[in-house]
1. Kirkwood Rh, Cα Rg: Rg to Rh for the stretch 69-157?
2. Determine the calculated [θ] at 222 nm for the chain from helices alone, applying -39500 (n - 2.57) to every DSSP H run no shorter than 4 residues and normalising by the residue count; nearest 500 deg cm²/dmol.
3. Mean shadow of the stretch 44-108, computed from the convex hull of its alpha carbons, in nm²?
4. Run a plain Debye calculation on the chain (Cα atoms as equal point scatterers, no solvent) and give log10 I(q)/I(0) at q = 0.08 Å⁻¹, rounded to two decimals, same order as the q list.
5. At 0.36 nm per residue, and after removing the present C-alpha to C-alpha distance, how many nm does the segment from Ser62 to Ala136 gain when stretched out fully?
6. Amide H to amide H under 5 Å from Val33: which residues, 5+ apart in sequence or cross-chain, H placed 1.01 Å off N in plane?
7. Over the Cα atoms of the stretch 29-74, Rg to Rh with Kirkwood Rh, two decimal places?
8. I'd like to compare 20-32, 122-134, 38-50: which one has the highest average count of other Cβ atoms within 10 Å, and what's the full order after that?
Amino acid sequence: MRRAVCPGSFDPVTNGHVDIVTRAARLFDEVVVAIGINPAKQGLFTPDERAELIRLACPGPSVRVVTFSGLLVDLCRREAAVAVIKGVRGETDVAHELPMAQMNASLSAGGVETVWLPTDPRWGFVSSSLVREIAALGGDVSGYLPAEVALRTVARVAERSGSTPGGQPGITDRGTP
Ligand code: PNS
């Protein structure tokens, strides 16, 4: 069984992530999508919610979703994974990812290879952070997210801003200064 770990924040999972996980699942027997937990950062979705959305977006027997904290190489060891999968959108991603790939190779004494998959050009400009920003500003994110993820993202942003998804003011919009 050749297993790969595909780590990230996935807040939320985008069409670009889904494409990378799907392609990785053709290369490995099992892909473990690993949601890194950062307790210092309040995300749009909780780690468990992100996991649920990834399961919805990436169904299939060869994809499993876990959360983790600590070192990625320790997770790879626990999961007996031989590779870390990363999607790269361009030079900026390469510059960011190269030292991490080299560090992970060093920390694992060569036990974990990093495999970069070039992002499909359709999703080359898509990131979770941009999607969150666009949703927060009332833009249409449905072209960049799986359908259910888009619905939940719009609903969560509306909850956070105190309005309902249709643009109707919510209770928290009224009254209090
Ligand atoms: O860019 P992202 O999606 O926010 O990345 C999240 C994640 C989980 C991939 C990142 O935080 C990570 O790699 N965490 C593991 C920390 C680690 O092992 N660091 C040392 C080696 S580089």
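1. Using Cα coordinates only, the ratio equals 1.08.
2. Value at 222 nm, helices only: -13000 deg cm²/dmol.
3. Computed as one quarter of the Cα hull surface, the answer is 5.7 nm².
4. Summing over Cα pairs of the chain leads to -0.27.
5. Using 0.36 nm per residue and subtracting the Cα-Cα distance, I get 23.3 nm.
6. Result for Val33 returns Cys6, Arg64, Val65, Val66.
7. So for the stretch 29-74, dividing Rg by the Kirkwood Rh gives 0.99.
8. 20-32, 122-134, 38-50
Taken together, the values in this text are just the output of simple stated rules run on the coordinates, not laboratory data. Everything numeric here is computed off the predicted structure, so don't read it as measured data. Neighbour counts are summed over all protein chains in view; Cβ atoms, including those assigned to glycine, are modelled from backbone coordinates with ideal geometry.
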